[in-house]
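All remarks here apply to the structure that follows.
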Amino acid sequence: MASNDWGRDAEQRAGREIARVQIYKYVTKDRVLDISDMLSLDPKRHKIAFTLVEFDENYRATTRVRHYVDVPDFKLVCWDVLNGVFAEWTDHKGTQHEDGLQARVFTVRKDVKYRQPYVVKIDNGVGEALPGGAVKMVRATESLTLLMPEWDARRMAQTVLDYVRDWETINFRKRQEAQTVLITLPGGSNDDGNQQHATRTTDPREADGGAEAEEETPRRRKLAKAA
């Protein structure tokens, strides 16, 4: 299942490509993985774009699949890869088109039985809307897989993580302003003081102590009169 990622493929709907800053590129004999910048101050649009393309002997693209991951999620993936604790991660997304819902599934896993242990797979296909705005993959229409050696996977993770951290540092003040939320607290300082006082006076332990003091006072008075 996936969160419904509206508008991620606007360039496909318009039939054109949009220029993006390339963060990392990995090329094999017949495929290329492109990782691009879609970073934004809007948390809902704060993404990293993955495009996997297969090309023929004339270097013409025959298949192209895309996915857009949330930045905080992939930062953790990069950290796991760099620290040698990564196993597998799957991300689901979906986009509303005029002709229906597109579902996208992005999978990265490490399989040590392969000489190139990191397996990157992107599926694009027909999606089905679920309650709450999620999108489920019903049928994959396009799918590509890419194998990466350990060294290249680590280099990819380090490059992406450094790029994101640099962007976050440069835009730190703007991110603070964009994410600042004003919260109105009920009452003022006097109300807070009264509430604290009420809390102190309604503490069960203090209430019990007060009751004991009230009971002891008459006894002491009786003892004092008898003396």
- Which of the residues spanning region 108-153 are touching a residue at least 24 places away in the same chain (Cβ under 8 Å) and of a type in the set (Asp, Glu)? ASP123, GLU128, GLU142, GLU150, ASP152
- Residues located in region 121-132, provided they are surrounded by 13 or more Cβ atoms within 10 Å (Cβ to Cβ) and outside any strand (DSSP E or B): LEU130
- Select from region 38-48 the residues that are closer than 10 Å to VAL71 by Cα and in contact (Cβ under 8 Å) with a residue 24 or more places away in the chain and list them in ascending order. MET38, LEU39, PRO43, HIS46, LYS47, ILE48
- Report whether or not ASP73 is acidic (Asp, Glu), within 15 Å of LEU161 (Cβ to Cβ) and in contact with an Asp or Glu (Cβ under 7 Å, 6 or more places away or on another chain). yes
- Message: THR107 - would you say it is at pLDDT 95 or above, more than 13 Å from ARG66 (Cα to Cα) and in a strand (DSSP E or B)?
- Response: no
- Message: Would you confirm, using the coordinates I've provided, whether ARG66 is touching a Ser or Thr at 6+ places or on another chain (Cβ under 6 Å), surrounded by 18 or more Cβ atoms within 10 Å (Cβ to Cβ) and either part of a strand (DSSP E or B) or not assigned by TED's automatic domain parsing to the domain that holds GLY133 (or both)?
- Response: yes
- Item | Which listed residue is surrounded by fewer than 18 Cβ atoms within 10 Å (Cβ to Cβ) and farther than 22 Å from ARG154 by Cα, from GLY100, GLY84 | GLY100
- Does region 85-95 contain at least one residue that is among the aromatic types (Phe, Trp, Tyr) and more than 21 Å from the chain's Cα centre (by Cα)? no
- Task: Would you check if THR141 is in contact with a Gly (Cβ under 8 Å, 6 or more places away or on another chain) and under 14 Å from VAL65 (Cβ atoms)?
- Result: yes
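Okay, residues lined up against (1) surrounded by 10 or more Cβ atoms within 10 Å (Cβ to Cβ); (2) in contact with a strand residue (DSSP E or B) (Cβ under 8 Å, 6 or more places away or on another chain); (3) modelled with pLDDT of 90 or more; (4) charged (D, E, K, R):
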| residue | (1), (2), (3), (4) |
| --- | --- |
| LEU147 | yes, yes, yes, no |
| ALA153 | yes, yes, yes, no |
| THR159 | yes, yes, yes, no |
| TYR163 | yes, yes, yes, no |
| ARG173 | no, no, yes, yes |
| ASP192 | yes, no, no, yes |
| ASP203 | yes, no, no, yes |
| GLY209 | yes, no, no, no |
| GLU216 | yes, no, no, yes |
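The values are calculated or read from the model by the stated rules, or taken from the named source; none is laboratory data. Since the model is a prediction, treat every value here as computed from it, not as a measurement. Methodologically, a virtual Cβ is constructed for each residue, glycine included, from the backbone with ideal geometry; neighbour enumeration extends over all protein chains shown.
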